[in-house]
Each structure stands twice: as structure tokens, then as C-alpha cells.
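To start, the structure itself, in C-alpha cells.
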Ligand code: HDD
Ligand code: HEM
Ligand code: HEM
């Protein structure tokens, strides 16, 4: 049961990374690619109807962590106090930028929110990566399971590497999404950007894999090499496939495989302690008790399936026409 | 206990009260939007659809700010209230996660369809998305209130060997009568506020002699729904809520009513200022025996006063008392006001009664005040407990977070919310002054 609950948590987080990842990526690329005001509005319209639903995944993942592993939730969130609060402000800034930009047809107003959107998205991708890096590496915990380190200790070289990798991977993801939904890759400039970015991601991928093996020696077998192998194949598909939808799918698989690898690395801990081997909060000692785990896992899994069905159906009906044909009645536009 | 507790509390109160302003708007407007969309689609009434689209824009602004201000709340349980989360997370986390999975997805997916889909999806699916929006917003309200109701009156739990509170039955937690009546009352309060907003905007159009077709629609629907909601807020929901509090949280009840001494045939204080030092109300106006009747259905019943409980179990009396009286006082006024307006409407005099339209327009903010006051009475009255009878607020904050950090983040939130609030008002007022777009059917 505990393993099932852990898997469910990983699924929610993975869904968040894949789905909100592309709109974060679009944000990180926002000032680099679309040049004119109109192009920027179009680019925003491609994510307009979806970003909020995507962001709910992090709320849901937070809820699942809270309900199933309350102690890990408490330790991680209070431990990462400042970075998380700042992350929240970034999320708020991003949401405001997306929703408020379209309300005035004024260049200054647009520029202001464009920069806000790009800056908040970029920093969020970094913050998420650094947080994930710290979770994989482990954080110093006391005997009650509370965080004992300092803010500076969260900015270790490994976490920063993961942060950069996350930024690169999400930016690539956003580009493949934008290329699929709009004409953004039509220029040479954009093509070149994509190639450089791809090479950077490949390099960061190699570096991160090597570093992960050093900071956190693997604990369980096959998933650990299968997931990175799958990620590698997906990464090459992103670069060389012809079909744009396929590229976006491959980029999604790439991120999902990375998340699986991360989850498999820390299992059976939800929050490993640093240095490695000094214990941490396992899926048993952080858990919500028998009934809580059982009821939660079942009810949340059912909810997940329901969301997946109507989410896909409505996304399909919304995607039928090209995004640029129809502006929203309010919001980004 | 740790030194950050004061700023933790200020931060929570600030952020949750700010957030709550926007769910009031979404939960209150959603039914009107659904009604206009469905009736407009069925009757091919272009102006009904235009009304829905107009209210939809205001809804979307409320939603956007509701979302950005709601996310910090969920995370605050972990960041600021870690000890509470460890102890009670097994229960509290459940309805919160259910809210995210079952309600927020629903709401945001269909809001995307509603805002962007007008020309992309079929008319039926479009109408369905409006109904889904209503369901979704009311469902989020339910889960969050169920969370709060459990903290007010814990049920369906047991203590684990390590001293933590673990959930024993999810069904008991979600279906407790306390949660039911609290939810019914909260939804009524939101609906009342939505109705007053709709009626207020309508009055503004009529007074300004512009968009008069819409003005009349809005005033008509707003006044009728507002009247019904203001009655339901008093009875049964307000009354039942008070009854649950009397039975489960008698100290809070005594503080809300300003009853210092246990007495038979307790009077209902209409006004009066609590003096906690001498344990009495200053300059009170009483209705004799009424309180005993309201609480127990018997004019001679004995009502326990604050003196029956040790002082360290008293909530802050003044705040609880005033907040409660503001809510009840405003609630009575709303019923009177909406009653008179309904009477004028039935006599076909309302649209020309400019004095009444002025009152309706200026009344718009007051249901918001009543709602916030109700929450203050309910949450402050719960003190010193965070989980009633089980866990004290003073033992709930994050042990590793220090006051310097929480003061910093509280100031940050105050700044961000100030900007957000100003932008929100600006954009809503702008939408109202642009108004709905009249169409010829
Ligand atoms: C426009 C809004 C509004 C109006 C007119 C009223 N209320 Fe209310 N009331 C609320 C909005 C509200 C609320 C904000 O929704 C609260 C906060 C917590 C809750 O359950 O609902 C609340 C709480 C609340 C509580 C405390 C529940 C608790 O502590 O858990 C009681 C006893 C009442 N109400 C009773 C009444 C009565 C007798 C009213 C008669 C006039 C009344 N309310 C009008
Ligand atoms: C599910 C919903 C809610 C939960 C779980 C919740 C939980 C809490 C918590 C954890 C605290 C901190 C303890 C304290 O400071 O005393 C608190 C305090 C408070 N809450 Fe709530 N709350 C909820 C809804 C609301 C709403 C909607 C409002 C008002 C709009 C509100 C108003 C307050 C206020 C004013 C305080 C400060 C009380 C004090 O410090 O004395 N709460 N609540
Ligand atoms: C009684 C008090 C509350 C009610 C009725 C309520 C209701 C709602 C509703 C209807 C929404 C949907 C968006 C909107 O309409 O603005 C929302 C958003 C949100 N609320 Fe609250 N809320 C309350 C208090 C809280 C508290 C205490 C929390 C913290 C746990 C919270 C967390 C959230 C979150 C995370 C969102 C964003 C959801 C999204 O992305 O769609 N809310 N709330």
C-alpha cells in the first residue's frame, strides 16, 4: 500500500512536470522567440486555455503528499521555507501576467507583463529543479524529521546542476509545444536556437546522470537504467523526428522518464536525509496511517482517471481548430 | 511554542481573508452565469448569452485572483504550520487533496472551455461548460469547508501510537452534520453576495440610463435571488449553524453572544460593548429570554456563560463578539432591504424607484463584510484550539521557521496582495463600465 501511495504521488508530480512544464517552457522562451507584440499574443493564446488546468497538478500533488505522507510534507515545506514562499510569489506573478495582459491594448502594459511572465517562468523552472535536486540528494534532518540545514546549504552544486538541467529541459519542452501549436519555428533564428538548446540539454543530461550516480548511489535495479535509456531515446526523437506532434510527445516521454528515474532513486524514502545513508523519512514512517493511505490512494487514483478522461476529451475538442484563429473573450489576447 | 506564532497567525488571517474575497465572487456568480447560458442557448436569446459572457468576464477575474491567492494557502499548512500538519495531516490532507483532484481540475478545465471555446465547441458543450463551472466552484467550497468543519468539530479520527491524529473514516469526516450546515451557510452567504453584485451592477446601469435592457434583467434576478438567499442565511442555515456551535463549542457561543454569566432565561443582546475585565456588557440593549429560546427552543433554558470555563479556554471575546454581531446585524438588514425591493418589483415600481436603486448599488460591498465577519467569528472563536479540543494553535507552528522569516514573508504577501487588489478593482470596474454588448437576436 505504501508503495502504491508513493507511485501515485510520483504520477501526480510527473503529470505536473509534463503538463505545466510546457507552459513554463513557453514562458522561459517568451522573450527570445516571438518578436512582435502580435506574435507574443499568439504564443500566449496557445497556452491560454490550458495553463491553469496544468497548474492544478501541483496543487493536487501537494494535496496528495499532504494527505498520504503528512510528515514529509511538513518537513519539506517548512525546511524549504524561503525558496518555497518565493516560488509561490513567482507562481502568482506568472498567473497574473497570463490573465491580465490582454485587458488593455497598450504596448507598455503588454511589455510589462511579457517580461514578468518570462522572468517568473524562468526562475520557477530553476527553483523547481533546485528543489528536486535537493530531494534526490537528501536534506539534513534531525531526529524528529525536521530540516536542520540553512538556506545556503540548499544551493549546493548538485542542486544547481539539476536546476539548470530542469530549465533547459523545460525550455526545450516549451519549444516543441510551441512548434506544434503555432508557426513559431518557421524562422532560421528559431531553428538555430532549438539546435543549441538541444545540445545543451544533452550535455546537461549526461552531467546530471553522472552526478546523480555519485551523490546518490542507486538502490533498486532495472528501472534505474531503463528510465535514463528511455529518456535518451526520447531526446533523440525530439531532435530528429519529422512530425511535430511526435516531437512534443517524445519530449513529454523524456521528462516523464526523468521523473521516474528520480522517484526510483529515492525510493523507499519520500525525503532522504543527507548525507546518503543517514536515513530519512521513508514511505512507512511518514505515512498517514492505514485507513488514510488506503482511502486516499483509492479515491485519488479514481479521481486521477476521471480527470484524465475529461481533461483529454475537452483538450481535444479545444485543439480541433488552430489556436491563432480564435482569441479568448478575455485573458491573454 | 515558538516566537514566530504571532506573525504566522497574522499571515494566515491576512492571506485566507484576502483569498476568500474571490471565491465569494466565483461561487456567487457561477449560478447566474449557468442560468443565463442555458436559458440563452435554449431560447436563442442573444441578450441572455451576452449577459452570461459579461458576468463570465467578472468571474474570470475573480477566478484568476482566487487561484493565485489560493495556492499560497495550501502550501502554508506545510511551510508555517508544520507541527499541525504532522499531527493532523492524515485527516486534514484528505479533503484538501480531494478538493484539488475532484474540484479544481473540473473548474479550471471547463473555465478554459467557457472562456476560449465559444467558437470552438458546440453550443451544447458550451452550455454544459457553464454548468460545470457552477458545479466545480460549489464543490471546491464544499471540500474546503469540510476541512474547516473538521477542525471546528473533529470526528472520524483516532490517535495513533505515536500521538498523531489519524483518519479512521473518510466518510464520517466528509458527511458530518457540522460540515453540512456550515457548508449550506457558507454557500448561502456567497450566493447572497453574488446576487447583490448582480443587482448592484444592474442598478448602476439603470441609474446611469445606459444598457437598460441588461440593467432591468440584472436588478430583477439579483433582487429575487438576494431576497431568497438572505432568508435562507437566517433560517435554516444560520440557525442550524448556531445550534451546532451551541452543542459542540459552548465557549465560542458564549463569546459570540457576550454571555459572561451562566443564567436561566438568557437575554439576546442586540447591541452592547463587551467589557472583559468586569465580565459584563456595557450599555446593552436586550431582548429578554430570547437567547435561551434560540439556543434551546425554550425560554427558560439555562445558557452557560464564560464563567463556566477556565480563562485559558476563552477565545478573544471582543473580536468574536463584534464580528458575530456585525454578521447578524447585516444579515437582518439584507433581508429587510431585499424584501422591500422585491415588493417594489412585484408592484412594478422598482425600475423607477431611484432611491432604492441607489441603495442597491451602494449595498454591493456589504455582503462581503458580512461574510468576512462570519469567518472571523468562527475562526477567532475557535481559539485557543486549532483542532477543537485536540490541538492548540500555540503548538502548531513550524518548529524550524523563525519569526524573522515569517515577518518577511508576511510583509511580502501584504505587498503583493495590495497590488493585486488594486489591479483587480481597476479591471472589474473597467469591465462594468464597458458593460455587456447588446445584440439583435
Ligand atoms: C452574507 C453572509 C452572511 C450572513 C447574512 C449571515 N452569515 Fe453567518 N456566517 C457567514 C456568512 C453570513 C459565513 C462567512 O459564511 C460563516 C463563517 C463560517 C461559516 O460557517 O459561515 C458564518 C458563520 C456563522 C456562525 C458560526 C459558525 C461557526 O462558528 O462554525 C453562526 C452561528 C452564524 N453564521 C449564524 C448566522 C445567523 C444567525 C445569521 C442571521 C442573520 C447569519 N449567520 C447571517
Ligand atoms: C478550510 C478552510 C480554513 C482552514 C483550514 C483554516 C485554518 C486556519 C488556521 C490553520 C488558522 C491559524 C490558527 C490561528 O491563527 O488561530 C486560522 C486562523 C484564522 N482563519 Fe481560518 N481557516 C479556513 C478558512 C478560513 C476562512 C475562509 C477565513 C476568512 C475569510 C478564515 C479566517 C481566519 C482568521 C481571521 C484566522 C485568525 C484567527 C486568530 O489568529 O485568532 N479562515 N484558520
Ligand atoms: C471557506 C473558505 C474557502 C473557500 C470557500 C474556497 C473556495 C475556493 C474556490 C471556489 C476556488 C476556485 C477558484 C476561485 O473560484 O477563485 C478556490 C481556489 C483555491 N483555493 Fe480556496 N477556498 C477557501 C479557502 C481556502 C483555503 C483555506 C485554502 C487552503 C488550503 C484554499 C486553497 C485554494 C487553492 C489552492 C485554490 C486554487 C485552485 C485553482 O487553481 O483552481 N482555499 N478556493
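The values are calculated or read from the model by the stated rules, or taken from the named source; none is laboratory data. Note that the coordinates shown come from a computational prediction; the quantities given were computed from them, not determined experimentally. Because the Cβ atoms are built from the backbone with ideal geometry, glycine has one as well, and the counts that use them run over all protein chains shown.
Here are some notes:
- Per-region count, the range B:139-158, residues at the interface with chain A (Cβ under 10 Å from one of its Cβ atoms) and either surrounded by fewer than 22 Cβ atoms within 10 Å (Cβ to Cβ) or in a loop (DSSP other than H, G, I, E, B) (or both): 2
- Selected residue (criterion: farthest from the other protein chains (Cβ to nearest Cβ)) from residues of the range A:150-183 that are part of a loop (DSSP other than H, G, I, E, B) and surrounded by fewer than 16 Cβ atoms within 10 Å (Cβ to Cβ): A:183
- Residues that are within 16 Å of ligand 2 (Cβ to nearest atom) and buried (at least 21 other Cβ atoms within 10 Å of the Cβ), drawn from the range B:21-31: B:22, B:23, B:24, B:25, B:26, B:27, B:28
- Every listed requirement among (1) facing chain A (nearest Cβ under 8 Å); (2) more than 12 Å from ligand 3 (Cβ to nearest atom); (3) under 18 Å from residue A:99 (Cβ atoms) is met by residue B:55 save one, (1).
- In the set (1) over 16 Å from residue A:215 (Cβ atoms); (2) touching a helix residue (DSSP H, G or I) at 6+ places or on another chain (Cβ under 9 Å); (3) modelled with pLDDT of 80 or more, the condition left unmet by residue A:190 is number (3).
- Only one of B:128, B:77 that is closer than 30 Å to residue A:318 by Cβ and part of a helix (DSSP H, G or I): B:128
- You will find that of B:418, B:408, B:424, the residue that is at pLDDT below 90 and farther than 30 Å from residue B:340 by Cβ is B:408 and no other.
One line per residue, one yes/no per condition, for (1) within 16 Å of ligand 3 (Cβ to nearest atom); (2) at pLDDT 95 or above; (3) in contact with a strand residue (DSSP E or B) (Cβ under 7 Å, 6 or more places away or on another chain):
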{"residue": "B:147", "(1), (2), (3)": "yes, no, no"}
{"residue": "B:159", "(1), (2), (3)": "no, no, yes"}
{"residue": "B:164", "(1), (2), (3)": "no, no, no"}
{"residue": "B:173", "(1), (2), (3)": "yes, no, yes"}
{"residue": "B:179", "(1), (2), (3)": "yes, no, no"}
{"residue": "B:191", "(1), (2), (3)": "yes, yes, no"}
{"residue": "B:202", "(1), (2), (3)": "no, no, no"}
{"residue": "B:205", "(1), (2), (3)": "no, no, no"}
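- Residue in the range B:395-415 that is away from ligand 2 (no atom under 14 Å from the Cβ), touching a residue at least 60 places away in the same chain (Cβ under 8 Å) and away from chain A (no Cβ under 14 Å) present: no
- The criterion of at least 1 residues that are within 9 Å of ligand 1 (Cβ to nearest atom) and in contact with a helix residue (DSSP H, G or I) (Cβ under 7 Å, 6 or more places away or on another chain) is met by the following helices (runs of 4 or more DSSP H) wholly inside the range B:160-262: B:177-207, B:212-232, B:239-248, B:250-257.
- Matching entry among B:88, B:97, B:83 (being touching a strand residue (DSSP E or B) at 6+ places or on another chain (Cβ under 6 Å), away from ligand 1 (no atom under 16 Å from the Cβ) and in a helix (DSSP H, G or I)): B:88
- Filtering A:10, A:76, A:67 for residues that are over 30 Å from residue A:187 (Cα atoms), within 16 Å of ligand 2 (Cβ to nearest atom), at pLDDT below 80 and touching a helix residue (DSSP H, G or I) at 6+ places or on another chain (Cβ under 9 Å) leaves a single hit, A:67.
- Filter pass, residue B:187 being more than 14 Å from chain A (Cβ to nearest Cβ) and within 13 Å of ligand 3 (Cβ to nearest atom): yes
- In the set B:34, B:50, B:64, only one residue is free of Cβ contacts under 8 Å to residues at least 40 places away in the same chain, more than 15 Å from ligand 2 (Cβ to nearest atom) and touching a helix residue (DSSP H, G or I) at 6+ places or on another chain (Cβ under 8 Å); that residue is B:64.
- Subset of the range B:2-21 (residues that are away from ligand 1 (no atom under 14 Å from the Cβ) and either within 12 Å of chain A (Cβ to nearest Cβ) or free of Cβ contacts under 8 Å to residues at least 40 places away in the same chain (or both)): B:2, B:4, B:8, B:11, B:15, B:18
- Residue within the range B:390-407 that is within 11 Å of ligand 1 (Cβ to nearest atom), surrounded by fewer than 21 Cβ atoms within 10 Å (Cβ to Cβ) and more than 30 Å from residue B:206 (Cβ to Cβ) present: no
- Taken over the range B:271-298, the residue count meeting the criterion of being within 20 Å of residue B:315 (Cα to Cα) and in a loop (DSSP other than H, G, I, E, B) is 4.
- Qualifying residue in the range B:377-385 (condition: surrounded by fewer than 17 Cβ atoms within 10 Å (Cβ to Cβ), under 24 Å from the mean Cα position of the chain (by Cα) and within 14 Å of ligand 1 (Cβ to nearest atom)): no
Residue-by-condition table, conditions (1) over 28 Å from residue A:285 (Cβ atoms); (2) over 26 Å from the mean Cα position of the chain (by Cα):
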site	(1), (2)
B:131	yes, no
B:135	yes, no
B:146	no, no
B:163	no, yes
B:167	no, yes
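- Residues in the range A:56-74 that are closer than 17 Å to residue A:271 by Cβ, part of a helix (DSSP H, G or I) and more than 7 Å from every other protein chain (Cβ to nearest Cβ): A:61, A:65, A:68, A:72.
- Residues satisfying the stated conditions in the range B:270-291, i.e. surrounded by 20 or more Cβ atoms within 10 Å (Cβ to Cβ) and at pLDDT 80 or above: B:291
- Given (1) away from every other protein chain (no Cβ under 14 Å); (2) more than 12 Å from ligand 2 (Cβ to nearest atom); (3) touching a residue at least 12 places away in the same chain (Cβ under 8 Å), index of the condition residue B:353 fails: (3)
- Filter result for the condition that a residue is buried (at least 22 other Cβ atoms within 10 Å of the Cβ) and in contact with a strand residue (DSSP E or B) (Cβ under 6 Å, 6 or more places away or on another chain), over A:72, A:67: A:72
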